[in-house]
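For reference, the structure is listed below as structure tokens.
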Amino acid sequence: MRVDFNVSINNGTVGEDYRIRMTLPTIEYLTSRGAKVILASHLGRPEAREAKFSLAPVAKRLSEIVGKLRPPIRFVDDCVGPAVQDEIAKMEAGDILLLENLRFYKEEEKNDPEFSKNLASLADIYVNDAFSTSHRKHSSTYGAATLFDTRLAGFNLSKEVQYLTMIRDKPVKPFTLVVGGVKIKDKIAALEHLVPKADKVMIGGAAAYTFLKAKGFKTGNSMIDEERLPWATRALSTYGDKIMLPSDHIAAHSPADTSVTMVKGDIPDGMSGYDIGNETIERYSAEVGGKGGGTVFWNGPMGMFERRAFSNGTINIAKSMALAFWRGSKTLIGGGDTLEAMKRSGVAENEVSHVSTGGGATLRYLAGDVMPGVTVLNAR
Ligand code: ADP
Ligand code: 3PG
Ligand code: MG
């Protein structure tokens, strides 16, 4: 079973474990039917076998999550070869074994045929529940999969595909898009696909300043993606009637500034916008949570939410998302920082229709890219 346990680890302890928890339904299903489950994942982008990229802390966290009812998660410090085969030979029905980081072999990312064969030889059935890494054509996501007769989608991968396909191809109307954060470059392809289908597009976060500058506003020292200015200008001229931009801001001289001010329109020289202002919050919140029905997709925080002084916009959008959900909208959240922002806002995972596990994969899927790790699975 390919999983994406590429999570943040600090001093040997797993931070956010959402990706780990989301694989539990599939693991439970397989073990309850007597399967011996072998889990394979990458972690980070190691150059060589380095301790800080070991999946051992993940085995520990997974053991804690699955609880005391089962035997502890087994862990082996390799992902192919004799040591792994020995461990598998010792497994009984219902046991779970986590293999060491696949990327300790450079062959993994090269989709190397020999490595794929070695991986595939470990098991009888292939399951992919790693949507967030299925945009990669690697041995574990593609080459090895092709060597199995039975290659199945895990429950979380299925849910991701189902929700993201809905958003991408036929969003339940009205379709509202909320975009923030900093990485315009990574988000453009997805936006080109989604903006034409959206009824309203609300832009916040640092991304808003590139649009405001394109519109002729003064943006002070706010973060601007100069390269993407022409794109923003074009988007505004084609879709200006549905794109909403902040009309006021929380500005300061630096993120550490102890005094912040609310400004309307232009940002004064020497200052930067770090959050959307109250008037913008009201406009955006009314649009997101005001009615219910339709679909709302949110990617990217509305401000530098990590600092309390600049978290108000993001907290209000997160709460409006929850309100929209309770009022019957289909709500989707994507992006690592956005999930973090949602949590800090006090919105629970079950107050959103779907929180994507993906970063790059989700954006690629929404842009219409082919996902090798999905297409390789049996159609049914
Ligand atoms: P995601 O991971 O959800 O896709 P991004 O990585 O694009 O989101 O952006 C998240 C980051 O954007 C956060 O760390 C946040 O501090 C930063 N950010 C949001 N608004 C601003 C702003 N106005 N100025 C500077 N940084 C911002
Ligand atoms: C992710 O975190 O986006 C996935 O695990 C893929 O990781 P990668 O970008 O290193 O391939
Ligand atoms: Mg991010």
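If the viscosity is 1.002 mPa s and the temperature 20 °C, what translational diffusion coefficient in µm²/s does Stokes-Einstein give for the chain when Rh comes from Kirkwood over Cα pairs?
So the translational diffusion coefficient is about 97 µm²/s.
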Identify all lysines with a Cα-Cα distance to Lys36 below 21 Å; exclude those on the same chain that are fewer than 8 residues away in sequence. Lys60, Lys68, Lys90, Lys117
Percent antiparallel among DSSP beta bridges (both partners in region 160-273, rounded to 5): 45 percent
Run the quick spin-label model on Val370 and Ala51: label points 7 Å from Cα toward the beta carbon, then report their separation in nm to one decimal. 4.4 nm
Report the gain in length on full extension from Thr258 to Asp241: 0.36 nm times residue separation, minus Cα-Cα distance, nm rounded to one decimal. 2.4 nm
Using Cα centres only, tell me the gap between region 194-271 and region 59-82 in whole Å. 47 Å
If R0 is 25 Å, what FRET efficiency do you get for Ser32 and Asn378 from their C-beta distance, rounded to 0.05? 0.70
Region 99-150 and region 284-308 have their Cα centres apart by a whole-number Å value of 37 Å
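Would you calculate a helix-derived [θ] at 222 nm for the chain, using -39,500 (n - 2.57) for each DSSP H run of n ≥ 4 and dividing by the full residue count, to the nearest 500? If you can, show how the numbers build up before the last one.
Working: 14 runs with 133 residues, N = 380.
Result for the chain: -10000 deg cm²/dmol, rounded to the nearest 500.
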Quick one: which residues, 5+ away or cross-chain, put their amide H under 5 Å from the amide H of Glu16? H built at 1.01 Å from N. Ser8
In whole percent, what relative contact order does the chain give with Cα contacts below 8 Å and a gap of six or more residues? 16 percent
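Let a ≥ b ≥ c be the square roots of the eigenvalues of the Cα gyration tensor of region 44-111; is it rounded (a/c under 1.5), or, if not, prolate (a/b larger than b/c) or oblate?
Oblate, since a/c reaches 1.5 and b/c is not below a/b.
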Quick one: of the DSSP bridges fully inside the chain, what percent are antiparallel, nearest 5? 25 percent
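Where a number appears in this text, it was derived from the coordinates with a stated rule and is not lab data. The model shown is predicted, which means the values in this text are computed figures rather than measured ones. Don't worry about glycine lacking a Cβ; one is built from the backbone with ideal geometry, like all the others, and counts go over all protein chains shown.
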